[in-house]
Amino acid sequence: MATDLLRRFTEVARSNPAVPAVMGPDLCLSFSDLDLLSDRAAAIFTRAGDAGILQGEMPYSIDTLPVIGFYHCRSARHVVAAVGAAKAGIPYMPLGCDWPDNRLKAVRGNCRMCLLVCDKEGMSVSGWGGETPVVYTDDLLGAGKVVSSWSRVEMRDVMRARYGDMPPPLYVIHTSGSTGTPKGVALPHDGICANFVGSRGMPGFSAGKRVLYGGALTFDLSIIELWISLLNGCTLVLTPEETLLDAHSLKMHLKKWEINTAAMPVSVMSALAAQDESVFSGLEVLIFGGELPNKDRIEKIMRACPGIVMNNSYGTAETCAVAAAGNIDLPLPEGPLAVGKPFGDAELLVVDDDLAPLPAGQVGELLIGGPGVGLGYINDPERTARCFVTDPRSGKRRYRTGDMAYLQPDGRLVLVGRSDAQFKIGGKRVDPGEISSAVMRQPRVSNVHVAFVRGDYPTIVAYVVADGSAFGMEPEIFAENLRKALAEELPAHLVPGHILVVESIPLTAHGKVDQKRLPVPPAVKPFSSGGDVCAAFQAVLRSEAFSENDAFFDHGGTSLLAAQLIAVFRSVFQVAVPFRLFSHPRTAYMVRLFIENARMNGPTAAGSGAGARLLPVRGTGLKAQDELTVKI
């Protein structure tokens, strides 16, 4: 076999042939099934390579790296494709099915995409895919043997010819980029294997455990969920988004599928716990990370879920997602919550401006070393040289995280902030520069400053200076047109929740943006138990303009905000509003009807699920296409 990762997978598959590798409502694959089907996928991908898509000067560099684009949803077929790509020795690159075409086009233009793997024939890639060949995920499950030059024995020589001295890359993941184009970073096969296999691995991933699999494919956590599970003989249990963000549904899902372990961003964990602090009571292990956790929320979850092991983790997309981790115990310590000690073979160093190590207790920039460090950014040698550095003392390669931190005397890591303007939403890193660049590309814009407003409902605010061509246009109309244009270029979580039109961006005497003189986003009356449903939407969206007839996701709504609203409605009205209602074009109107019907029909309608039956609900003015099925 070519790499430790592939060798390990083969050992697990052959030792546990009948154990389920992935389970879902439509398909269940054993490790034996996955091994055979991924052989087929590898053969299909390699056959495409034999047809010429991998031609070019070898060995490849980080800038000439061929990649397979994954443009499909999370499913058992995706797992087959990921293992197949690894066996074929070609890195795969997840693409968001909800990304706008302009973003997809920018990503494709920044790398050598040699193949696209899509869910079904007819899935549109014409707007951005160019002439890239397409393979459909259903083909990976087809019958019959695929004749190809691919073989296990020859892969070591193939890898060496393709990549030379560069560690073979497993996948490419994109993070927010200051230039306006997402930056793709390549991660190695053996970084995953070194950090996540065996007794030094994360808690909750011993052989036979069932693992919640619900993260977005473009989120590095979902990649780690996949590989840490497969390499340790665990079972991935597919979980749809509407279940993952609804505590009532998730609690039943965890019980039904006997799930032992889950990993999620702090924001998702907090939103679920706000709906029901006992939602995780069926789990043995809950791993969280991506943002600084609220200690009070952690304590409430642990008291509501006796016996649960909670593990606080930290890492970056550039270092195989996890570099430090540690279990949380009650009572919680005074002061900030540490994120644990170095994980696996990772190395953590806190350094000064000259990259000299600092003693315990002193704050500096965090550097990460070890086999999980990425290979670099694709087609961005300057950023690669700036962020992936050689330690002048040890000669080892390190990644500069930009996170400010200090080490406690016992070696535990404590994070204190950023050295730049980046922030995180829903566990995803956001570079304000990417949003600023997208705004500046729009007509009638002369300047912009992007800020992050924290609080119960964090939001992105864009302060925009319009040019002379916008003279006479109402600011509200200008802002709404700009929001619509940005939605065509940016993923939903990057579209500003507020766009404020200002005459100029205030500066300090040193030429920096004067944050204190920037106008505060318009205050929205806090939602109280006496408020109506639409007022709750307005509070979460920070917009009093939102009406009953507006579409939630067209007005800055996100899946995470929907989860927070579910918690509000459960607390105030004692009703479990289903996640699917938030996709309705008249969102608040439909939610209000659902709540009114649920309260009229008693506690069963409010979400107990017992003795459920279906009732068609119609209200005054409700059109035929608005008919709704409600559990009572």
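Read the figures in this text as sums done on the coordinates, not as results from a lab. Just so you know, these numbers come straight off a predicted model, no measurement behind them. Reconstructed Cβ throughout: ideal geometry from the backbone, glycine too, with neighbour counts over all protein chains shown.
With the cut-off at 30 Å, tell me which of the pairs K295/K484; K105/K424; K341/K424; K300/K428; K105/K396 have Cα atoms farther apart than that.
The pairs that break the limit, which is 30 Å between Cα atoms, are K295/K484; K105/K396.
In square nanometres and to one decimal, what's the mean projected area of the convex hull around the Cα atoms of the stretch 533-599?
On the way: hull surface 14.6 nm².
The directionally averaged projection comes out at 3.7 nm².
Once C-alpha pairs closer than 8 Å and six or more residues apart are averaged by separation and normalised to the residue number of the stretch 1-118, the relative contact order reads 28 percent. Residue order for C97, C111, C320, fewest other beta carbons within 10 angstrom first, comes to C97, C111, C320.
Between S504 and S571, what FRET efficiency follows from the Cβ-Cβ distance if R0 is 30 Å, with the result rounded to 0.05? Don't jump to the answer; show the numbers that get you there.
Working: r = 42 Å, r/R0 = 1.41.
Plugging the Cβ-Cβ distance into 1/(1 + (r/R0)^6) gives 0.10.
Within straight-line reach of K255, meaning a Cα separation under 19 Å, sit the following aspartates and glutamates at least 8 residues removed in sequence or on another chain: D26, E241, E242, D246, D276, E277, E284. At an R0 of 56 angstrom, the distance between the Cβ atoms of D101 and E334 translates into a FRET efficiency of 0.65.
Cβ crowding within 10 Å ranks W227, W99, W257 as W257, W99, W227, fewest other Cβ atoms first. Under the rule a/c < 1.5 gives rounded, and otherwise a/b versus b/c splits prolate from oblate, where does the stretch 384-469 land using the Cα gyration tensor? Judged from the Cα gyration tensor, the stretch 384-469 comes out oblate (a/c at least 1.5, b/c at or above a/b). Each label was represented as a point 7 Å from its Cα along the Cα-to-Cβ direction; for A385 and M58 these points are 2.9 nm apart. Using Cα-Cα distances under 8 Å and only pairs 6 or more residues apart, what relative contact order does the chain have, in percent? After rounding, I find 11 percent. Put in line by how crowded their Cβ is, counting other Cβ atoms within 10 Å and starting with the fewest, T64, T137 read T64, T137. Counting pairs of Cα atoms in the chain, how many percent are more than 36 Å apart? Percentage above 36 Å: 40. Principal axis extents of the C-alpha atoms in the stretch 431-517 (largest first, rounded to whole Å): 31, 30, 21.
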